């Protein structure tokens, strides 16, 4: 019996097939015709790619679709680069498109890239094989169609930049099945004649098919083998051909190729004027320098005459004599001043002079000491008088002279209070001019109010 427990679900089967296809098959190039093209609002593209025997569903998502340089239409033959996958919802085989181009242009572009890679690998584009362009060509060869617009542009530029340059046109068709063969023949004929210093290989702009003759391998090898430097000026600035890569110089347009081949006569004339002016300045400077040098030589010759030399020597001798006399006078004056200084120093150091100086010093000090003593004595006398006056004011005798008396016991002990005194006791009253011997008849206490009055009266 069949093992039903190991059966796969439809989703498992489809996912397994999808993983197997996506991991086993790389990106593929597929060519076919577009049909049933759909452009939903999401920006994705959905269509069927078919040929006479089969068809496959295709999807190109918005990020890739936004990069397209062509507008896909039903019935258009296209070349696709795509990933092969399986759409799970329907179980359909599907291509997810990464790149799309017109099938005819795509074949030409692939052939161009393959040839470019192969020739580059052989070294035909290497910089060491490039020949230097002549700075001032004697004759220029132009390989192009004599009836095309490119030759008129080249002639116009050459007539404007360097009108005197001789030209040689090597006629050839630049488009069609025979164009590459005619271009090679023209290039070989120019190398056989050896009349030109540089060759211009030019053509106006056009589509990739129009420029196909300049992507020919035989033409590229003929340019590489040319003994004459070749400037390629094919198409517009954005156009590149195999001839551009193998040529010795590439210009973006035929007019630019002509400008690259010859110098600008106006720039040469300006440079010539600048060089002429520089030469004139240099010659003028040399003439002035030589004239000055000649004048110096003439002066030297005149100055070296014997009469002139004797005159200069005589003037120098007179100058030396005057300097010698002045030096002697200055020396005598300096010595006299020095002698006077020594005499004064000797006088100042003589003992008598020192004694006189010391005596005068002692006399001055004596006067100063006496003056200081007198001032100190006067000050001490004044201070003593002040102290005496102050002492007299504080003396009891001064108080007695104002009518007061000092009471004493018989033994002259002072009596300051009534305590210890008795009636009939003998005491002494000292006045300012006498001593009175008295006896106590009555003792009467003094009230506080009377004491204060007595104090005020005392002072």
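Take the Cα of residue 270, step 7 Å toward its Cβ, do the same at residue 55, and the gap between the two points is 6.8 nm.
Projecting label points 7 angstrom from Cα along Cα→Cβ for residue 287 and residue 344 puts them 7.2 nm apart. Which shape class, rounded, prolate or oblate, goes with the chain when its Cα gyration tensor gives a ≥ b ≥ c as root eigenvalues, a/c under 1.5 marks rounded, and past that a/b bigger than b/c marks prolate? Taking the square roots of the gyration eigenvalues as a ≥ b ≥ c, the chain is oblate.
Taken as Cα centroids, region 316-383 and region 3-76 sit 130 Å apart, rounded to the nearest whole angstrom.
Normalised by 2.2 N^0.38 Å, where N is the number of residues, the C-alpha radius of gyration of region 130-263 stands at 0.92. DSSP beta bridges fully contained in the chain are about 65 percent antiparallel.
Which distance in Å, rounded to a whole number, links the C-alpha centroids of region 124-152 and region 217-276? So the separation of the two Cα centres works out to 5 Å. Could you work out the relative contact order of the chain? I mean the mean sequence separation of Cα pairs under 8 Å and 6+ apart, divided by the number of residues, in percent. Taking the mean separation of contacting Cα pairs over the length of the chain, I get 8 percent.
Taking each residue as 0.36 nm, the span from residue 319 to residue 28 lengthens on full extension beyond its C-alpha to C-alpha distance by 93.5 nm.
With the highest mean first, a sort of the peptides 63-71, 143-151 on other beta-carbon atoms found within 10 angstrom per residue produces 143-151, 63-71.
The peptide list 433-444, 34-45, put in order of mean Cβ contacts within 10 Å with the highest first, becomes 34-45, 433-444. Using a 7 Å offset from Cα along Cα-Cβ at residue 131, what residues in region 248-271 end up with backbone N under 19 Å from the label point? Only 248-251, 257-263 fall inside the zone, counting backbone N under 19 Å. Could you tell me which of rounded, prolate or oblate describes region 73-184, using a ≥ b ≥ c as the square roots of the eigenvalues of the alpha-carbon gyration tensor, with rounded for a/c under 1.5 and, failing that, prolate when a/b is larger than b/c and oblate otherwise? Prolate shape, in that a/c is at least 1.5 and a/b is the bigger ratio. The label point for residue 21 and the one for residue 77, both projected 7 Å from the Cα toward the Cβ, are 2.7 nm apart. When the helices of the chain are scored as -39500 (n - 2.57) per DSSP H run of n ≥ 4 and the total is divided over every residue, the value at 222 nm lands at -17000 deg cm²/dmol. Tell me, rounded to the nearest percent, the portion of alpha carbon pairs in region 1-110 spaced more than 16 Å apart. Here the tail beyond 16 Å accounts for 63 percent of pairs. Just so you know, the Cα atoms of region 278-335 work out to an Rg and Dmax of 22.1, 69 Å. To the nearest ten degrees, helix 265-303 and the longest principal axis of the Cα atoms of the chain are 50 degrees apart.
So the label point goes 7 Å from the Cα of residue 120 along Cα→C-beta, right? Which residues of region 246-272 then have their backbone N under 15 Å from it? Within reach of a label on residue 120, which here means backbone N under 15 Å from a point 7 Å along Cα→Cβ, region 246-272 contributes 246-247. Normalised by the number of residues in region 336-444, the mean separation of alpha-carbon contacts (under 8 Å, six or more apart) gives a relative contact order of 15 percent.
None of the figures in this text is laboratory data; all of them are computed from the coordinates on show. Keep in mind that this is a model prediction, so the values were computed, not measured. A quick note on method: Cβ atoms are made from the backbone with ideal geometry, for glycine too, and the neighbour counts reach across all protein chains shown.
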